[in-house]
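Here's the structure, in structure tokens; my notes come after.
The values are calculated or read from the model by the stated rules, or taken from the named source; none is laboratory data. Source: prediction; values computed, not measured. Reconstructed Cβ throughout: ideal geometry from the backbone, glycine too, with neighbour counts over all protein chains shown. Heads up: the accessible areas ignore ligands, DNA and RNA and are worked out on the full protein's heavy atoms, side chains in. Shrake-Rupley method; radii C 1.70, N 1.55, O 1.52, S 1.80 Å.
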Amino acid sequence: PGKAQFVRSLGADDCVRYSDGSWGDPVDCVVDAVGGDLLTPAVAALAPHGRLVAYSSGGGTVRAYDLLVGAKSVIGFQMALIARGRPELYQQWRRELWRLFHEGTVRPVVHARFALEEAARAHAMIESRANLGKVVLCP
């Protein structure tokens, strides 16, 4: 519940928790950063003709039948692939992102900063899902 409140404070109209039995009304797009066992409910949350954009490295399996019955689709996204294959586009997006950051349009939320020597502690925080925002390692 605390994370849901945090996400709403950042401007989300609504949010669901992984453990919710229902993810509410069907949506046109799911952007998945988790993967694994959450792919099945994420596909189920899609409206007919909806699209799931997977950018996690969590793996997982999507049943073809679940896509076919609703004419749904899944697409993968990986920034490293764009950086290698289309470096000019990557640089354009990078410049745009920094511009938005400097203008204050994009404002990342940092939950905690850790010295590099405390990487295990930072990882434990992320693994426990206790953070509200980014966990940053500093030299």
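Structure notes:
- Remark: the stretch 1-76 carries 66 Å² of accessible area per residue (probe radius 1.4 Å; ligands, DNA and RNA excluded).
- When only alpha carbons are used to place a centre, the stretch 78-113 and the stretch 52-77 end up 25 Å from one another.
- Once the Cα atoms are used to define both axes, helix 87-103 deviates from the longest principal axis of the chain by about 70 degrees.
- Percent RCO, i.e. relative contact order, over the chain, from Cα pairs under 8 Å lying at least 6 residues apart: 15
- In the chain, helices alone account for a calculated mean residue ellipticity at 222 nm of -10500 deg cm²/dmol, with every DSSP H run of four or more residues adding -39,500 (n - 2.57).
- If R0 is taken as 41 Å, the Cβ-Cβ distance between residue 63 and residue 95 corresponds to a FRET efficiency of 0.55.
- Taking volume of the Cα convex hull per residue in Å³ as calculated from this structure, the corresponding entry among [x] 116; [y] 158; [z] 103 is [y].
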